[in-house]
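Student: One structure is given below, represented as structure tokens, and several questions about it will come after.
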Amino acid sequence: MRVCLQRPTILFYTFIDKKIHLGQGKGGCSVRRPFVHASPLSRGMADVAVVADKMNVRDALNSALDEELTRDPLVYVMGEEVGQYQGAYKITKGLLEKYGIERVRDTPITEMGFTGIGVGSAFYGLKPVVEFMSINFAMQAIDHVINSAAKMLYMSGGKISVPIVFRGPNGAAAGVGAQHSQCFAAWYGSCPGLKVLMPYDAEEARGLLKAAIRDPDPCIFLENELLYGVEYPMSAASKDKDFTLPIGQAKIMREGKDVTIVTFSRQVEIALKAADILAKDGISAEIINLRSIRPLDRPCINNSVRKTSRLVTLEEGWPQHGVGCEIIATICDESFFYLDAPPERICGADVPMPYAVNLEALAVPTMDDIIRIVKRCCHRGRAAA
């Protein structure tokens, strides 16, 4: 149960010398947890984290927010507990102390309300980063996300852009139940006007979030809660304050010649481990990390499938109308005659996520599922030949 005892934060905008300033209205309150005292904050995580050879995803996201807040005074962060509590997952740690309540704004527990404020401020040129404690809660604000943010550029004849980022944890976590575990990649990926990003490792989280904040269009940034604390190597280039990754460009994580596995987010890690096992059985799997669900890097997928002649898609979302469906449709349209076997889909069970841990494990793809389906795809094609 979520309870809020505070009055809503009130935003107003003043226009001075053609610049937009964000202020706090009279009587506004940015405190969300009156009975919880946050520990003293240090300086922004980015001041320390970006000099490391390794970084976890949490610190990568924090450093990206920190640097973009410094770079552009029009950027601000808002959401439940992003300020004094430093974020439900500590993604905004240190930012309130560094930038103040005008740019790191705690909100009441009303997703429809603060999302509407964020979209409205983006209409006027600000660049909000709206955090949802869970992307599942964004359903409360779906009208603002789709009907206002995603459609405005088209409805205004290209005159009004909406530079806003909606971010938060998405998909299965660990025993948090059906209302906190849904994957929304396919939902948002089907909507014109949105860009939908799903990073895997720390470098992608950092580079894609910075790119999303700088992008003139609304971006849905779907993170995975189970990856926040995982450390990954960081390249020298990724430590630069202007480092970004191109939106709409997939990454080949592992080259192969027998089968193409297309996946994204946490499933990349499982696919890579499965590929190691498959290699021992003589199957060379090429792993594509989409990174961007919309726009989709169709040329990368087509080129890979034309090389391997087999396709397996992997996602944790529901099977009907999933991301894998769109990828397979693309290949059937554009690379059908290169296929040696029918494409295969691996996805979550067609049920709401169970709460019981033993049932939850059965509702998401496993490494055994990947190995079994890939072998079936490869052996079926070889037998037919």
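Values quoted throughout were computed directly from the atomic coordinates according to the rules given, and no laboratory measurement underlies them. Bear in mind that the values here come from a model prediction, so they are computed numbers and not experimental data. Neighbour counts are summed over all protein chains in view; Cβ atoms, including those assigned to glycine, are modelled from backbone coordinates with ideal geometry.
Student: Loop only per DSSP, at most 10 neighbouring Cβ atoms within 10 Å: give me the trypsin sites (Lys or Arg not before Pro) in region 113-204, ordered by residue number.
Tutor: Sites meeting the loop and neighbour criteria: 159.
Student: Holding the Cα-Cα limit at 22 Å, pick out from 159/195; 195/257; 98/239; 127/210; 159/251; 251/273 the pairs that are longer than that.
Tutor: 195/257; 159/251
Student: Which order do the peptides 306-312, 326-332, 238-244 take when ranked by the mean count of other beta-carbon atoms within 10 Å per residue, highest first?
Tutor: With the highest mean Cβ count within 10 Å placed first, the list reads 306-312, 326-332, 238-244.
Student: 5 Å is the cut-off here: which amide hydrogens, built 1.01 Å from N in the peptide plane, fall below it relative to residue 293, excluding neighbours closer than 5 in sequence?
Tutor: So residue 293 has HN proximity to 196, 197, 198.
Student: 5 Å is the cut-off here: which amide hydrogens, built 1.01 Å from N in the peptide plane, fall below it relative to residue 127, excluding neighbours closer than 5 in sequence?
Tutor: For residue 127, whose amide H was placed from the backbone, the distant partners under 5 Å are 75, 76.
Student: Report the antiparallel proportion of the DSSP beta bridges in region 251-384 as a percent, rounded to a multiple of 5.
Tutor: Numbers: 3 of 14 bridges.
That works out to approximately 20 percent antiparallel.
Student: Could you run the Karplus curve 6.51 cos²θ - 1.76 cosθ + 1.60 with θ = phi - 60° over region 168-178 and give me ³J(HN,Hα) per residue in whole Hz, x for Gly and Pro?
Tutor: x, x, 9, x, 5, 10, 8, x, 10, x, 5
Student: Amide H of residue 346: which non-local residues (sequence gap of 5 or more, or other chain) have their own amide H closer than 5 Å, using H built in the peptide plane?
Tutor: So residue 346 has HN proximity to 313, 314, 315.
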